[in-house]
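Everything on this sheet refers to the single structure shown next.
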Amino acid sequence: MPRNNAPSSISDSRVLIKPDPMLPIPISIIIATVLIAYPVSTSWNIWRPEFMMLITLFWVMHQPKWCGVWFAFVVGILTDLILDGHLGTHAFVFVLLTFLARFLTRNRRMLTFLSLWIIASIVVLADLILFFLYQRITGNVVPLWFWSPLIPSILVWPVICFFLKRWRGS
């Protein structure tokens, strides 16, 4: 005899199934690849958000079982290959940013949208600081427009969260 609170049939049971991110992760990486490789004029290029870093950050924070340090490393290598940069530069920075994001979210059980936006803003700033230090160490002169992706990257974070919220897990 079934208990009163037990479901009587399979159709009555309401099991929460988390969406599988196996398909959206590579699709979002491909879309970010197109967004960073699409040719635009120089005046627009300096305002281009850091799409690959933001997508990596999204998946690292929302799907930590699927995306971790190795995911950040592979996406960083892919970014280096696409942008024709020194191999390993973006990979190293993405791994450091993954550690930073994990450090900032490790003791929080419930992350609100605002707290995630603040963490993403901190990580975007850290990304630009690390690349600034890299440019200075290698002897390159860093122009003032180097910092221009900061505001667009911070502002595009809610758009990325909106489009990928279905697969974010919890």
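For the reader, a short list of remarks on this structure follows.
- Scanning the range 125-154 for residues that are exposed (fewer than 11 other Cβ atoms within 10 Å of the Cβ) and in a helix (DSSP H, G or I) yields I137, L144.
- Residues that are among the charged types (D, E, K, R) and within 19 Å of F92 (Cβ to Cβ), drawn from the range 112-170: D127, R136
- Looking across the range 106-117, the residues that are in contact with a helix residue (DSSP H, G or I) (Cβ under 9 Å, 6 or more places away or on another chain) and part of a helix (DSSP H, G or I) come down to F113, S115, L116, W117.
- Subset of the range 59-90 (residues that are without any contact (Cβ under 8 Å) to a residue 40 or more places away in the chain, more than 21 Å from Y38 (Cα to Cα), of a type in the set (A, V, I, L, M, F, W, C) and assigned to a loop (DSSP other than H, G, I, E, B)): none
- Test result for R108, free of Cβ contacts under 8 Å to residues at least 12 places away in the same chain and more than 22 Å from C161 (Cα to Cα): no
- Scanning the range 91-124 for residues that are closer than 23 Å to L144 by Cα and either of a type in the set (G, A, S) or over 13 Å from the mean Cα position of the chain (by Cα) (or both), we see that the one that is surrounded by the most Cβ atoms within 10 Å (Cβ to Cβ) is A120.
Bear in mind these aren't lab numbers, they're just calculated from the coordinates by the rules spelled out. Because the structure is a prediction, the values reported are computed rather than measured. Methodologically, a virtual Cβ is constructed for each residue, glycine included, from the backbone with ideal geometry; neighbour enumeration extends over all protein chains shown.
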